[in-house]
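Engineer: Structure below; questions to follow.
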Amino acid sequence: CNLTGWWKNDLGSKMQVFNVDNDGTFSGEYHTAVSSAKKPIQPSPLIGSQHLDEDGQCTFGFTVNWKKFSDSTAVFVGECFKGDDGKEVLHTSWLLREKVDSEPDDWKATR
């Protein structure tokens, strides 16, 4: 799987991976289509790592810092699959951590 390029999810968010190094490290930008932040959405930097495997079904993970419009950070993990049509598809899971004002509010900070 070649993560380099543009990817789009079911909600209309887009991710651009600039380049994957020989060790699997990559960077890019995430353009989210959904947000509960009060500020206007802006493209956000991402950095990640891909497990390079010869069978083409790689696993990967990346972090997105929403610092340009929100006090939150998200982490994604996933795997790349090649469908019957030969098209590469990413399946991911994510966690989002929002800033809270106090430790007692910690329970509601991660989605």
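Engineer: In the structure displayed, which of LYS39/LYS82; LYS39/LYS108; LYS67/LYS87; LYS67/LYS108; LYS38/LYS82; LYS39/LYS87 lie more than 30 Å apart, Cα to Cα?
Structural biologist: Long pairs (Cα-Cα over 30 Å): LYS39/LYS82; LYS67/LYS87; LYS38/LYS82; LYS39/LYS87.
Engineer: What percentage of all Cα-Cα pairs in the chain are separated by more than 22 Å?
Structural biologist: 36 percent
Engineer: Here is a further query. Could you give the length gained on full extension between ASP84 and LEU96, defined as 0.36 nm per residue of separation minus the Cα-Cα distance, in nm?
Structural biologist: Full extension from ASP84 to LEU96 adds 1.1 nm.
Engineer: Can you tell me the order of 7-14, 23-30 when each peptide is scored by its average per-residue count of other Cβ atoms within 10 angstrom, highest first?
Structural biologist: 23-30, 7-14
Engineer: Quick one: among GLU54, GLU88, GLU79, which has the greatest mean-square fluctuation in a GNM of the chain with alpha-carbon springs under 10 angstrom?
Structural biologist: Maximum among the listed residues: GLU54.
Engineer: Between ILE41 and ASP106, what's the calculated FRET efficiency when r is the beta-carbon distance and R0 is 22 Å? Round to 0.05.
Structural biologist: Efficiency computed from Cβ-Cβ geometry: 0.30.
Engineer: So what is the accessible area of the chain per residue, in Å², with the probe set to 1.4 Å?
Structural biologist: Result: 68 Å² of accessible area for each residue.
The values are calculated or read from the model by the stated rules, or taken from the named source; none is laboratory data. Predicted model, so just to flag it, every value in this text is computed and none were measured. In this analysis, Cβ positions are derived from the backbone assuming ideal geometry, glycine residues included, and neighbour counts consider all displayed protein chains. Please note that ligands, DNA and RNA were not included when accessible areas were found on the heavy atoms of the full protein model with its side chains. Shrake-Rupley method; radii C 1.70, N 1.55, O 1.52, S 1.80 Å.
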